[in-house]
1. Per 0.36 nm of contour for each residue apart, how much would the distance between E258 and S189 grow if the chain were fully extended, relative to their Cα-Cα spacing?
2. Quickly work out the S273-to-A21 label distance, labels modelled 7 Å from Cα along the C-beta direction, and quote it in nm with one decimal.
3. Taking the stretch 242-284 on its own, what percent of its Cα-Cα pair distances exceed 17 Å?
4. For Q64 and R305 in the same chain, what is the full-extension length gain: residue separation times 0.36 nm, less their Cα-Cα distance, in nm?
5. With label points built 7 Å along Cα→Cβ from the Cα atoms of Q107 and L77, find their separation and express it in nm.
6. Against the globular-protein guess of 2.2 N^0.38 Å, express the Cα radius of gyration of the stretch 43-183 as a ratio, rounded to two decimals.
7. Using only helices, what value at 222 nm comes out for the chain when you add -39,500 (n - 2.57) per DSSP H run of length 4 or more and divide by the total residues, to the nearest 500 deg cm²/dmol?
8. I need the calculated FRET efficiency for the pair A32 and T155, taking r as the beta carbon distance and R₀ as 41 Å, to the nearest 0.05.
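Computed from the coordinates by the stated procedures, all read-outs in this text should not be read as laboratory data. Remember, predicted model here, so these are calculated numbers, not experimental data. Every residue, glycine among them, receives a Cβ derived from its backbone with ideal geometry; neighbour counts consider all protein chains shown.
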Amino acid sequence: MKLRHFLAATAIALCAGPVAAQNFQLSHNAAAGNPKDVASEKFAELVKEKSGGRLNVDVGGAAQFGDDAETITNMRLGTIAFSANSQGATSAVVPEMALLGLPFLFQNLDQAEAVMDGPVGDKIEAAAEAQGLVVLSWWNNGIREVSNSKGPITTPADLAGMKIRTPPDPMTIDIFTALGASPTPMAFSELYIALQQGVVDGQENPLINIHSSKLHEVQPFISMTAHKYEATPLLASKMIMDTLSPEDQQIIRDAAAEAGTLNRQMVREQTESLKGEMEKAGVTFNDVDPAPFIEATQPVYEKWRGQFPELVDEIVAAAQAAGR
């Protein structure tokens, strides 16, 4: 390059100034201190650090940027970049994801993670991408239990006619319909007031969500049903990811995985400690014999096997192999 051309190019670059930072939003519905919230903030921190400040992520927790279902729509439109979303809301557009919540499929988090991190997870990720959503990392929400305001639940008969809030998630609705309850879908952001006012009798969530959103303040009974597992898929808008360089995409994926390690660790630690804390606050816990609940929910498997025969059998086999 001739000297005058080099000097001209340098002058243009200097006039242009530094490359402008790109700003993105990450939406989630959890309260401050929840593992989903803490990991989301860690993800934002890592993206900024790894990109040298070129990529910035603004985290909007407690549904500040919209509830999970609204956020899914906005991601597919390319108006929100990221979401630590929910298995239930995502399954409205990626029905394969609902299969992770088949009743009593997983006995513990290790088993669930082994399945999500394997070929089954790959197939669900491909289905999500076809709907405009990129699964960056499989975070944990936890194993779900039932709380209510009436009394201990020890058999499915105790749920008969009880109004149980569920996510707008067909799998959870199917489970509680099979158990004889009256499932009442509503957004998580509306749940505390609905419980407080008696609009619903109870709800189902992992202990970490019950505690961080203070649901135990208005739900004195928690029954350890362990009826289903719930993932927290960290999602990206495919439309937005496709605009980024391969290097920036890798930065985002690496940050998602690193923040996911923190999330999984926190879910384990809090699940162990929170039961004692809530007992001190006056909550009555009870264990249940899972056998009658498992028997009552067998029709749920048959219904979903009718829609996804191969994938249901594959995920059941993978869960059994991981549980050995």
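1. Working: separation 69, 0.36 × 69 = 24.84 nm, distance 2.75 nm.
Residue separation times 0.36 nm, minus the Cα-Cα distance, leaves 22.1 nm.
2. Using points 7 Å along Cα→Cβ, the separation is 3.2 nm.
3. Numbers: 500 of 903 pairs.
Percentage above 17 Å: 55.
4. 83.1 nm
5. According to this spin-label approximation, the distance is 4.6 nm.
6. Numbers: Rg = 17.5 Å, N = 141, 2.2 N^0.38 = 14.4 Å.
Working it through for the stretch 43-183, the quotient is 1.21.
7. Details: 14 runs with 154 residues, N = 324.
Helix contribution divided over all residues of the chain: -14500 deg cm²/dmol.
8. Working: r = 37 Å, r/R0 = 0.90.
Here the calculated transfer efficiency is 0.65.
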